[in-house]
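Below is one structure; the comments refer to it alone.
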Amino acid sequence: MDAFRPSDALVALLRGPGPILALTGAGVSAESGLATFRGPGGLWEGHDPAALATPEAFARDPLLVWRFYAWRRARAAEARPNAGHLALAALERARGDVRVVTQNVDGLHERAGSPSVVRLHGSLWTLRCVGDGTEKEDFRADLGALPPRCGCGAFLRPGVVWFGEALPEREIREAFDLARRARLVLVAGTSSLVQPAASLPRIARDAGAYVVEVNPDETPLSASVDERLAGPSGAVLPRLAEAAGAAVDRTG
Ligand code: BV8
């Protein structure tokens with residue numbers, strides 16, 4: 001069986017009535033050159049996530065945490081959407097009933113043209129005042145090695161969700177609703193370890209959705225999906241978009 005070829009059942013769902021939910025993680029940005037979190041050479045390889053991605057870490061050492069995110073912003077600014085991001089955007093344009101829910105904070109789905117991405121874990125391109133919580137978008141690639149200051153004088157922190165922090169209410173509610181209503185769920189590039197995002201495929205399956213995992217490696221979700229396409233998302237997702245009749249840009 002070709003690891004990238006969708007089954008007849010999946011092709012029928014890609015062509016039939018939706019809605020379709022695509023849940024993505026760091027693996028869909030791997031082919032854009034952005035390191036994933038867990039696994040060989042991962043961002044957190046050698047780091048303890050709690051040493052970087054928690055409010056306590058930022059309070060304890062704002063310079064260290066800021067430098068980590070400033071480095072990630074610079075990497076993400078250099079990266080370009082890959083064929084996987086572009087394929088999901090093409091699928092959305094072709095069908096009109098596809099939503100991307102992502103754990104990623106790099107902004108590559110938006111840059112690929114996905115019109116209404118649900119960002120569960122915030123964005124590298126949002127800065128939040130630690131004083132009053134107000135947020136603003138800032139797309140400058142290089143903000144320097146020191147955390148910038150808000151007009152009120154407090155530090156600005158990355159507008160991302162750290163461990164122990166609640167996900168944004170509107171986004172998580174919308175994600176659960178999309179999971180409950182989906183007829184097809186594509187779970188791409190995630191180790192399915194981080195909650196509550198990792199519970200979305202099970203919620204969808206319990207509500208009757210057909211769940212497909214796109215990941216070269218096995219994950220804790222693999223045993224409970226309807227279909228696994230064990231290849232890189234940059235190769236698999238364009239095949240799925242084409243099967244749905246979307247015009248796919250593979251340049252990436
Ligand atoms: C919360 C910050 C509660 C931004 C991140 C049960 C319920 C609720 C919470 C918990 C729970 N159990 C445990 C928790 C606590 C915790 C948690 O889940 N811990 C885990 C580790 C056990 N969850 C939380 O703290 C969450 N908060 O629930 O708060 C609360 C409620 C009310 C009030 C107060 C508090 C917050 C979770 C968000 C944490 N922030 N990041 C940033 O720096 O980016 S998580 C971090 O992991 C990233 O956001 C990332 O998106 C996320 C998930 O990782 P993945 O995207 O899956 O990436 P990973 O590297 O792991 O895997 C990549 C995959 O891709 C691999 O499988 C690989 O094989 C594959 N791959 C590689 N190449 C390719 C590929 N696939 C396809 N193609 C390729 N080419």
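The values are calculated or read from the model by the stated rules, or taken from the named source; none is laboratory data. For clarity, every value in this text was computed on a predicted model and none was experimentally measured. A quick note on method: Cβ atoms are made from the backbone with ideal geometry, for glycine too, and the neighbour counts reach across all protein chains shown.
Numerical summary
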quantity	calculated
Selection within the stretch 66-105 - touching a residue at least 40 places away in the same chain (Cβ under 8 Å) and under 16 Å from F155 (Cβ atoms)	W66, R67, Y69, A70, R73
Residue in the stretch 17-24 that is within 15 Å of H121 (Cβ to Cβ), crowded, with 18+ Cβ neighbours inside 10 Å and modelled with pLDDT of 95 or more present	yes
Residues satisfying the stated conditions in the stretch 25-60, i.e. farther than 30 Å from P115 by Cβ, of a type in the set (A, V, I, L, M, F, W, C) and either assigned to a loop (DSSP other than H, G, I, E, B) or modelled with pLDDT of 90 or more (or both)	W44, A57, F58, A59
Pairs with Cβ under 6 Å, 6+ apart, first in the stretch 234-251 and of a type in the set (D, E), second outside any loop (DSSP other than H, G, I, E, B)	D249/L86
In the stretch 84-96, the residues that are surrounded by 24 or more Cβ atoms within 10 Å (Cβ to Cβ) and among the aliphatic types (A, V, I, L, M)	L86, A87, L88, A89, A90, L91
Candidate set: the stretch 108-140, residues that are within 12 Å of the ligand (Cβ to nearest atom) and either assigned to a loop (DSSP other than H, G, I, E, B) or acidic (D, E) (or both); chosen: the one surrounded by the most Cβ atoms within 10 Å (Cβ to Cβ)	L120
Candidate set: the stretch 67-98, residues that are of a type in the set (D, E, K, R) and closer than 16 Å to V118 by Cα; chosen: the one farthest from the chain's Cα centre (by Cα)	D97
Residues located in the stretch 185-200, provided they are buried (at least 24 other Cβ atoms within 10 Å of the Cβ) and not hydroxyl-bearing (S, T, Y)	V185, L186, V187, A188, G189, L200
Total residues in the stretch 77-107, condition within 10 Å of the ligand (Cβ to nearest atom) and either farther than 17 Å from H121 by Cβ or small (G, A, S) (or both)	2
Looking only at the stretch 164-200, and only at residues there that are among the aliphatic types (A, V, I, L, M), out of contact with any strand residue (DSSP E or B) (no Cβ under 8 Å at 6 or more places or on another chain) and part of a helix (DSSP H, G or I), the one that is nearest to L52 (Cα to Cα)	A198
Filter result (part of a loop (DSSP other than H, G, I, E, B) and within 16 Å of the ligand (Cβ to nearest atom)) within the stretch 152-163	V161, W162, F163
Pick from the stretch 201-225, criterion β-branched (V, I, T) and assigned to a loop (DSSP other than H, G, I, E, B), ranking: farthest from the ligand (Cβ to nearest atom)	V225
Any pair with Cβ under 7 angstrom, 6 or more apart, that starts in the stretch 174-187 at a residue that is under 17 Å from S224 (Cα atoms) and ends at one that is surrounded by fewer than 22 Cβ atoms within 10 Å (Cβ to Cβ) and modelled with pLDDT under 95	R183/P17; R183/G18; L184/G18
Selection count, the stretch 151-163, where residues are in contact with a Cys (Cβ under 7 Å, 6 or more places away or on another chain), surrounded by fewer than 19 Cβ atoms within 10 Å (Cβ to Cβ) and within 20 Å of T54 (Cα to Cα)	1
Members of the stretch 226-238 that are more than 9 Å from the ligand (Cβ to nearest atom) and surrounded by 18 or more Cβ atoms within 10 Å (Cβ to Cβ)	R228, L229, P238
